[in-house]
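To keep things clear, I will list the structure first and then write my remarks on it.
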Amino acid sequence: MSFLDILVIIIPAALYSAAPLIFTALGGVFSEKSGVVNIGLEGLMMFGAFTGIVSTLLLQDSLGAWAPWVSILIAAGVCAVFSLIHAVASITLKADQVVSGVALNFLAAGLSIFLIKKIFGKGQTDFIQVRIDKISIPVLSDIPVLGKLLFSNVPLTSYLAVALAFLVWYIIYKTPFGLRLRSVGEHPMAADTMGIKVARMRYISVMLSGVLAGIGGAVYATSIATNFSAGTISGQGFLAIAAMIFGKWHPIGAMGAALFFGLAQSLSITGAQIPVIQDIPSVLLTIAPYVLTILALAGFVGRAEAPKALGAPYEKGKR
């Protein structure tokens, strides 16, 4: 097997695995750029996966191949509302943001499993009949070398995730909304004196994180898992948080880190087809993403500067 053949296996699989992480990490960027820590991305992603699968099961007979796409939109809306729990606790009630996020994770896990048992009478949903499949883009997939690497056997959601990263970069750094968002995360008192509604901006940002984490969870469920159980989302939300930190709270950096972690995740699936890697015990490939996460954060988090007001509830008139 040539080196190019190995890349043809690895890179599309990495893009495939990275899409849910990119969506969720971008949601984290919105929330934390505004000054609100969102450990609850795992729970939001889990509830998005639950909503995406249940919606697809309900809609697949009537909508056919469109059902997963409509379900992703439904998951985005549901998780936007679900994220309000964290927003109210951390912004209005000024609770500890880390504790609030952890509580959201537990709530999402418990509520989703409770609803599954009530709806399906068992610990997991049925498998969906229609999923988001891999595609090959006409013309582009015929380009020598790059066509097979980047434009063949990759789901559309991966391209949408990469495009969204650049859109989020533009919104945060090139628009008035982005300037207000960054100002409430860096110096909320100065932003307040300029007439910016700090609480409103933070609410919007947390809800945007809910939208994108919900999309990430639904994309994972409808393209990779195809059903939902307690173990469907098991650490992907925390990997997305790590990607956001590794990417220094920058949309493009978060996307790059998510692609790196997606590559590590994909090795547990594609490793059996690759010489040398196929001799590595599967358990080591399974834990590789988390080991690489620890190593990456240990090496880079000290050099990354978080928004200055991150994690600090804002009280009007107080520094």
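Hey, what angle do you get for helix 97-120 against the long axis of the chain, alpha-carbon based, 0 to 90 degrees rounded to 10?
The two axes meet at around 50 degrees.
Using unit Cβ charges (K, R positive; D, E negative) and no other charged atoms, how large, in debye to the nearest 20, is the dipole of the range 3-303 about its Cα centre?
Details: 16 positive and 11 negative charges, 143 e Å.
So the dipole magnitude of the range 3-303 works out to roughly 680 debye.
Which entries of LYS197/LYS248; LYS33/LYS316; LYS174/LYS197; LYS148/LYS174; LYS94/LYS248; LYS94/LYS117 show an alpha-carbon separation above 28 angstrom in the structure shown? Spell out each step's value before the answer.
On the way: LYS197/LYS248 25 Å; LYS33/LYS316 19 Å; LYS174/LYS197 20 Å; LYS148/LYS174 34 Å; LYS94/LYS248 25 Å; LYS94/LYS117 34 Å.
Table pairs above 28 Å Cα-Cα are LYS148/LYS174; LYS94/LYS117.
Using the per-residue mean of other Cβ atoms lying within 10 Å as a proxy for protection, in what order, highest first, do the peptides 217-230, 78-91, 128-141 fall? Don't jump to the answer; show the numbers that get you there.
Values: 217-230: 25.0, 78-91: 22.4, 128-141: 15.4.
Highest mean packing first, the order is 217-230, 78-91, 128-141.
How do 44-57, 26-39, 254-267, 104-117 rank on mean C-beta neighbours within 10 Å, highest first?
On the way: 44-57: 30.6, 26-39: 28.6, 254-267: 24.3, 104-117: 17.5.
Highest mean packing first, the order is 44-57, 26-39, 254-267, 104-117.
Nearest 10 degrees is fine. How inclined is helix 198-220 to the longest principal axis of the chain, computing both from alpha carbons?
That helix lies at roughly 10 degrees to the long axis.
Which entry in (1) 85, 59, 37; (2) 65, 46, 39; (3) 77, 45, 36 is this structure's computed Cα extents along the principal axes in Å?
(2)
Which order do the peptides 240-249, 185-194 take when ranked by the mean count of other beta-carbon atoms within 10 Å per residue, highest first? Walk me through the numbers before you get to the answer.
On the way: 240-249: 25.2, 185-194: 17.1.
Packing proxy ranking, top to bottom: 240-249, 185-194.
I'd like the distance separating the alpha-carbon centroids of the range 1-68 and the range 225-293, in whole Å.
Centre-to-centre (Cα) distance: 12 Å.
Readers should treat all values here as calculations from the given coordinates under stated rules, not as data from a laboratory. This structure is a prediction, so every number in the text was calculated from the model and none was measured. Ideal geometry is used to build each Cβ from the backbone, glycine not excepted, and the neighbour counts take in all protein chains shown.
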